[in-house]
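Down below is the structure, laid out as structure tokens.
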Amino acid sequence: MKKAFEHYFSKLNNYAEEKFGTKPTVTFMDELNKDLLVSAPDEDGEVEWQPKLQMGNIIWDEVENEIGFTICQELKEYYSSYSFLMLYGKFGTSYLNFYPIDASEPVANIIERAFYDAQEVFPCSQMFLIGNASVNEDDNFFIYYDNKTGKLFCYDTENKREVLLSYSIAKTIDMMEARM
């Protein structure tokens, strides 16, 4: 997982430099984790940022006790490798936007929220809601990860349509074309 993140962030830095002459940017908000910011806001309110390796330890037993099952290794690595403000890109005919893991709150809270949010659509499952997506120019999709199978997929709750991305978050992130 760590190598997939590093590969994606390298592509993101190259994309931002070539397209905008900057590091990756996001709209500045007071809530942003200042440890990830590498510039002051510009005249458009955009601020440059860079991902950071996470240094804190997640107490997995506590998280797993809260949600009621063991989290698979790939998902643990996804949540515990890097802090980032944006992970967005093109994968096949889809544009994927993974929700930030930005260390502005404990990562355990982010994990639990991802699980509980997924339960609204997939009750009594081991699903996690980890982002949103546009598939074939339809932006009604959300990105889910199935802890039991390792399946990463987009799902349109309104039309009950599912689009398989892969059976690996790492593979998807590694292969994704970086965008902003």
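The values are calculated or read from the model by the stated rules, or taken from the named source; none is laboratory data. Remember, predicted model here, so these are calculated numbers, not experimental data. So basically every Cβ, Gly included, is an ideal-geometry build from the backbone, and we count neighbours across all protein chains shown. Surface areas here come from the heavy atoms of the whole protein model, side chains and all, with no ligands, DNA or RNA. Shrake-Rupley method; radii C 1.70, N 1.55, O 1.52, S 1.80 Å.
List of remarks:
- Conditions (1) assigned to a strand (DSSP E or B); (2) out of contact with any helix residue (DSSP H, G or I) (no Cβ under 9 Å at 6 or more places or on another chain); number of the one not met by TYR145: (2)
- In the set (1) more than 17 Å from TYR82 (Cα to Cα); (2) open to solvent by less than 50 Å² (accessible area, probe 1.4 Å); (3) of a type in the set (Gly, Ala, Ser), the condition left unmet by ALA40 is number (2).
- Failed condition for GLU77, given (1) over 24 Å from PHE115 (Cα atoms); (2) out of contact with any Phe, Trp or Tyr (no Cβ under 8 Å at 6 or more places or on another chain): (1)
- Being in contact (Cβ under 8 Å) with a residue 24 or more places away in the chain and either of a type outside the set (Lys, Arg) or over 27 Å from MET29 (Cβ atoms) (or both) is a property that SER125 lacks.
- Residue under evaluation MET1, criteria (1) closer than 22 Å to ALA114 by Cβ; (2) open to solvent by 40 Å² or more (accessible area, probe 1.4 Å), criterion not met: (2)
- Among residues of region 143-156 that are closer than 12 Å to SER168 by Cα, those with a Cβ under 9 angstrom from a residue that is among the charged types (D, E, K, R) and part of a strand (DSSP E or B), sequence gap 6+ or separate chain, pair up as TYR144/GLU162; LEU152/ASP146; PHE153/ASP146; PHE153/GLU162.
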